[in-house]
Amino acid sequence: MQVVTLQACKHNGQKHRSWQQAVIQSTNPLWLRIPPATPVQNLDGSVWSSDYEVDAYFHPTDWYNVFVLKKSDGVEWYCNVAAPPTVDMEKRQVTFIDYELDVYVYADRSYKVLDRDEFEENALKMRYSEEVRAKAEAGLSALLRAIEEQNHPFA
């Protein structure tokens, strides 16, 4: 069993959120299991946890990741538009750059795109290149297509 820390950063390298424990289930694609009550630390120092297990899915080339929320009343998904992850087994850490755009998928398969305004604000503030903006938008499109077609991990 390989345990890693999961680290979300912003485009400028600033740490955004970290999960203290994630267990590698497979490496290609990368699947992490985050046990219930795992501490999650935000940039502001606040710490929280979920009372349910979460699986995190990362494909080595997709510009999004998916957190499968295994709630007692049904599975939901929290999806981040993000650069593909970097895995450093020496440091036992998986890192990804979060590009603010998120999609929440409810148990009934309806979904909502979140944080478009935050993406636009940070694109200006952090000077996202046209290439990064295009990859983020393509990632969002691919993610929405996967949700609508109920492709893995939405099957």
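If only residues of segment 99-133 that are assigned to a helix (DSSP H, G or I) and of a type in the set (Asp, Glu) are counted, the one that is nearest to residue 30 (Cα to Cα) is 131.
Looking at residue 96, is it surrounded by 15 or more Cβ atoms within 10 Å (Cβ to Cβ), among the aromatic types (Phe, Trp, Tyr) and not in a strand (DSSP E or B)? Judged against the criteria, residue 96 is not a match. Filtering segment 92-113 to residues that are among the basic types (Lys, Arg) and in contact (Cβ under 8 Å) with a residue 24 or more places away in the chain leaves 92, 109. The set of residues in segment 1-54 that are within 21 Å of residue 72 (Cα to Cα), of a type outside the set (S, T, N, Q) and either in a loop (DSSP other than H, G, I, E, B) or touching a helix residue (DSSP H, G or I) at 6+ places or on another chain (Cβ under 9 Å) (or both) comprises 35, 36, 37, 39, 51, 52. Looking across segment 114-147, the residues that are under 20 Å from residue 57 (Cβ atoms) and surrounded by 14 or more Cβ atoms within 10 Å (Cβ to Cβ) come down to 114, 115, 135, 136, 138, 139, 140, 142, 143, 144, 146, 147.
Residue pairs whose Cβ atoms lie under 7 Å apart, separated by 6 or more positions or on different chains, with the first residue in segment 57-70 and at pLDDT 95 or above and the second part of a strand (DSSP E or B) and among the small types (Gly, Ala, Ser), are 63/82; 64/82; 65/56; 65/82; 67/56.
Tell me, which residue of segment 101-116 that is β-branched (Val, Ile, Thr) and touching a Phe, Trp or Tyr at 6+ places or on another chain (Cβ under 8 Å) is nearest to residue 154 (Cα to Cα)? Result: 105. Kindly establish whether residue 136 is at pLDDT 95 or above and either part of a loop (DSSP other than H, G, I, E, B) or not β-branched (Val, Ile, Thr) (or both). Criteria met by residue 136.
The values are calculated or read from the model by the stated rules, or taken from the named source; none is laboratory data. Everything numeric in this text was worked out from a predicted model, so none of it was measured. No Cβ is skipped: glycine too gets one built from the backbone with ideal geometry, and neighbour counts run over all protein chains shown.
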